[in-house]
Amino acid sequence: MTDRDTTHQDDKFATDFRFHDDGLMNDLGQILVERGTLTREQLHDADTRRMLSGVTLDKLLQREQLVPETELTTLLSELSGIPFHPIAEFDIQQDAIAMIPARLALRYHCMPIFYKDDLLLIAVSHVPDHAMVDSLRLLLSCSLGWVLCAEDSITKSIKHFYGLGVNAVDTLIQTRESSADDVQIEETDLSSVETADPGVLQFVNQIIAEAISMDATDIHMEPYEKSIRLRYRIDGVLQEIPIPKGIQRLQRALASCVKIMAQLNIAERRKPHDGRIKVRLKNEEFDLRVSVLPTRFGETVNMRILNRKSMFIDLEEMGLTQDQWRMFQYLSSIPHGILLITGPTGSGKTTTLYALLSRLNTKEVKIITAEDPVEYQMEGINQIQVNPQIGLTFADVLRSILRHDPDIILVGEIRDSETADMAVRASLTGHLVCSTLHTNDAPSSIMRLVDMGIEPYLVSSCLEGIIAQRLVRRLCRTCRVQTQPDDIVTEEAAQLWPDAAPAATYYTAHGCPNCNFTGYRGRVALFEIMIMNDKIRAMIVRQKSSSDIRQAALDMGLVTLRKSGFRQIIDGNTTVEEVMRVARKFQFNELSTL
């Protein structure tokens, strides 16, 4: 291999390149000075710190953010002859991953991409040196190709494909295998011995930290006969997180470690446990609600992640159309009555309620909430934690709240007839009551209140508006790919949105390190907003069915969940598959009415 000549194949990788050495670093520094990115004084100071710290110049410049990462990587690509490409452009193959052990991938911070025609393509964030190339050549009996990628992308790829905490787990497993004591210790005592190992705690901390960094809401650790499955709920969907092979040997230690962190009894493995863990990460505090259940092959652990300083989403950022935004403004201005938000668990009802309350929270207004649990802490609002175990139910709290002269009352959920009756009474005495219900759509909420024992004339007089809500995953802007959907999809889009559909560009999910290779990052809400009017109130009093009320609302221009979802598809925010996942119902009826 020559030191200067370069050979590019399809401009995707280099098999011949200039090594990372002092000559390359000297050229790098000179070019940065010539371009004005660094002054000679800055370069001299950086070179001095490099010699003292032992790191290379390019890594020091990147670590101290003296040169933007993109500019630095592009320049290294020009000097070395290794092309620079986003790692999302490649389809990473499992066969290639198996060729390089995890310890070497971590040591050299490299990611194997694919193996083809006796050539292994490897992604690196820095130009390889002689030692790295020689080490890999001793291991592999094939040619090596190279491509430069962003450091963060390679880090995420290693975690995703090799498994979370692979280095620490390998060490723990080797320690267990080399220790004869582990075989002799009784099963009941094994947990206390294993949890004393700092490596187990380190691995559990990695699981929690990674979940928080990926914006997960839940962590699931599930034991099976010959394996453990780790899953995060991200954007409402469970995603399996790769973990190193052999981790099942540490299953009892992991469960015991979590129980110790949550101050639970590790000796009791036959009963369910519930506890809490407080975590601080990057100056933010998180509460983890821990639930442990005994299963056939061990204890399964669930940790719900709650950010104690959650930022409230502004209503303007929730994907509302202009008409829906005007409806929200109207509903936030009504002085009294009941406002309901409906949807299944995890559909964002509480978040929407607090986004609405944040607009109403002023010095002139007193707001009191009754919740189970209090998930968001909001300044200026009196929040009450419901506790049915001591008799403090939603209905009991509502009775006491009315004596404190509130203007707005938030009830976490209307679960029974007693709570529904108290909410109606509060609304009829001049209060605005906001709450949630578990119903499929807006019109069916009316029948749900009637089924709870509320007289139809009371529902008609106190109910002001119903918002049905769902969440769909938002396409990753980094890797989304244009696609041509089926004719039935374009026909329905043209029926629902005739003005916008003809010029729409449709996308599908691809996957990249930025979105954990799912193709989605974040979520956007779909809304079905029904505001009460005289016609609908009269139908409620006459006890018309929810389907009749729905049809009347459609005739008056109700934007359904499905129609709202197709708007997000047309705007390029999500995919057809996501909308079908949460808004299948009423598909055939709507095509003939909208």
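The values are calculated or read from the model by the stated rules, or taken from the named source; none is laboratory data. Keep in mind it's a predicted model, so treat the numbers as computed, not measured. Please note: Cβ atoms are built from the backbone with ideal geometry, for glycine as well, and neighbour counts cover all protein chains shown. Surface accessibility is based on the protein's heavy atoms, side chains included, excluding ligands, DNA and RNA. Shrake-Rupley method; radii C 1.70, N 1.55, O 1.52, S 1.80 Å.
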In the range 473-523, the trypsin sites (Lys or Arg not before Pro) that fall in loop regions by DSSP, at most 13 other Cβ within 10 Å = Arg477
Relative to the chain, whose Cα atoms define the longest principal axis, helix 130-139 and its Cα axis are tilted in degrees, nearest 10, by 80 degrees
Non-local amide H neighbours of Met532 (under 5 Å, H modeled in plane, Pro and chain starts lacking H): which ones?
-> Gly465, Ile466
Could you tell me what percent of the DSSP beta bridges with both partners in the range 1-152 are antiparallel, to the nearest 5?
-> 60 percent
Over 30 Å (Cα to Cα) - which of Lys116/Lys226; Lys363/Lys535; Lys271/Lys349; Lys259/Lys282; Lys282/Lys363 fall in this group | Lys116/Lys226; Lys363/Lys535; Lys271/Lys349; Lys282/Lys363
The percentage of the accessible area of the chain (probe 1.4 Å, all protein chains present) made up of carbon and sulfur atoms, to the nearest whole number, is 47 percent
Cα gyration tensor category, rounded, prolate or oblate, for the range 351-451 with a/c compared to 1.5 | rounded
Given charges at Cβ of Lys, Arg, Asp, Glu: the range 450-574 dipole, positive-most of Asn573, Phe527, Ser546 = Asn573
When DSSP beta bridges are limited to those with both residues in the range 317-469, what percentage is antiparallel, rounded to the nearest 5?
-> 5 percent
Computed over the range 211-285, Cα set: Rg, Dmax in Å | 13.7, 39
First check a/c for the range 1-130, with a ≥ b ≥ c the square roots of the eigenvalues of its C-alpha gyration tensor; if it is under 1.5, answer rounded, and if not, answer prolate when a/b is larger than b/c or oblate otherwise.
-> prolate
For the range 15-132, with +1 on Lys and Arg beta carbons and -1 on Asp and Glu, the positive-most of Leu60, Ile87, Ser77 along the dipole | Leu60
Ignoring the sites themselves, what is the longest stretch of the chain with no GluC sites (Glu not before Pro) in a DSSP loop and at most 15 other beta-carbon atoms within 10 Å?
-> 380-594
What's the angle, to the nearest 10 degrees (0 to 90), between helix 198-213's Cα axis and the longest principal axis of the chain?
-> 60 degrees
To the nearest 10 square angstrom, what accessible area does Asp21 show with a 1.4 Å probe?
-> 50 Å²
In Å², what does the accessible area per residue of the chain work out to with a 1.4 Å probe?
-> 48 Å²
Of all DSSP beta bridges located in the chain, what percent are antiparallel, nearest 5?
-> 65 percent
When all protein chains stay in place, what accessible area (Å², nearest 10, 1.4 Å probe) is found for Trp497?
-> 50 Å²
Tilt, helix 561-570 to longest principal axis of the chain (alpha-carbon atoms), in degrees rounded to tens, equals 30 degrees
Just check the range 373-413 against the gyration tensor rule for me: Cα atoms, a ≥ b ≥ c as the square roots of the eigenvalues, rounded for a/c under 1.5, and otherwise prolate or oblate depending on whether a/b exceeds b/c.
-> oblate
